[in-house]
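Trainee: My questions all concern the structure below.
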Amino acid sequence: MEQTFIMIKPDGVQRGLVGEIISRFEKKGFYLKAMKLITVNKSFAEKHYEDLSSRPFFPALVNYIISGPVVAMVWEGKNVVSTGRKIIGATNPADSAPGTIRGDYAIVMGRNIIHGSDSVENARKEIALWFPEGIS
Ligand code: ATP
Ligand code: MG
């Protein structure tokens, strides 16, 4: 069954949105397969976002992700990668529809609460990076 990697970013954790976010994925019908609270270092964050390393906002993005603990999760279900992205909403909260997580809780791109894998292949890579111990 398809799996995706979802991360609640430091602002989502600090603002107390963990329960709300998990609830949205649960109520949709997806299955939580793995979860941990973890603070990552700079090189780990750079690895996670390595495809964006040439972008001007990359250093700020890395500093954002390492600014506090994040909740790393694996969710499973039919089409969970693309449907998960719909639940999350557009990258820029200014464009995220109401009813999406970013549309309801975020205002700016640099504090957009949550990450979701953008393809099945990247989901596999990200799950391997964040859960090297494997998931049961
Ligand atoms: P994520 O990978 O975090 O789920 P995304 O897939 O919607 O987000 P990406 O293009 O992968 O968007 O960008 C990763 C993150 O980098 C965004 O979530 C946002 O925090 C930040 N970001 C992207 N574009 C910009 C930008 N133009 N200015 C500032 N920050 C940006
Ligand atoms: Mg992305």
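Here, each number is a calculation from the coordinates, and none is a lab measurement. Model, not experiment: these values are computed from the prediction. Note that we place each Cβ from the backbone using ideal geometry, even for glycine, and neighbour counts take in every protein chain shown.
Trainee: Say each of GLU50 and LEU32 gets a label point 7 Å from the Cα, pointing the same way as Cα to Cβ; how far apart are those two points in nm?
Mentor: Inter-label distance under the simple model: 3.0 nm.
Trainee: Within segment 57-94, list the residues whose amide N lies under 15 Å from a label point set 7 Å along Cα→Cβ of VAL120.
Mentor: Answer for this model: 76-84.
Trainee: Can you give the FRET efficiency for ALA128 and ASN92, using 1/(1 + (r/R0)^6), R0 = 25 Å, r = Cβ-Cβ distance, to the nearest 0.05? Kindly include the intermediate steps, with their values, before the conclusion.
Mentor: Details: r = 28 Å, r/R0 = 1.14.
Working from the Cβ atoms, E equals 0.30.
Trainee: By the scheme Lys and Arg +1, Asp and Glu -1, what is the net charge of all other residues having a beta-carbon under 14 Å from that of PHE58? Kindly include the intermediate steps, with their values, before the conclusion.
Mentor: On the way: positive: LYS42, LYS47, ARG55; negative: GLU46, GLU50, ASP51.
Taking every Cβ under 14 Å from that of PHE58, the sum is 0.
Trainee: What number, rounded to the nearest 500 deg cm²/dmol, is the helix-based mean residue ellipticity at 222 nm of the chain, given -39500 (n - 2.57) per DSSP H run of at least four residues and division by all its residues? Don't skip to the end; give the middle numbers.
Mentor: Working: 7 runs with 56 residues, N = 136.
Helices in the chain give a 222 nm mean residue ellipticity of -11000 deg cm²/dmol.
Trainee: So what's the Cα pair-distance distribution over the chain, bin width 10 Å, in %?
Mentor: In whole percents, the pair-distance histogram is 13, 46, 37, 4.
Trainee: Rounded to whole Å, give me the distance from the Cα center of segment 8-87 to that of segment 108-136.
Mentor: A separation of 6 Å, based on Cα centres.
Trainee: Sticking with this one: Place a +1 charge on the Cβ of each Lys and Arg in the chain and a -1 charge on the Cβ of each Asp and Glu, then give the dipole magnitude about the Cα centre in debye, rounded to the nearest 20. Write out the running numbers ahead of the final one.
Mentor: On the way: 17 positive and 14 negative charges, 37 e Å.
In total the dipole reaches around 180 debye.
Trainee: Lysines within cross-link reach of LYS42: Cα-Cα under 28 Å, excluding same-chain residues under 8 positions apart?
Mentor: Output for LYS42: LYS9, LYS33, LYS125.
Trainee: Sort ASP95, ASP104, ASP11 so that the residue with the fewest other Cβ atoms within 10 Å of its own Cβ comes first and the one with the most comes last.
Mentor: Values: ASP95 11, ASP104 16, ASP11 20.
With the fewest neighbours first, ASP95, ASP104, ASP11 line up as ASP95, ASP104, ASP11.
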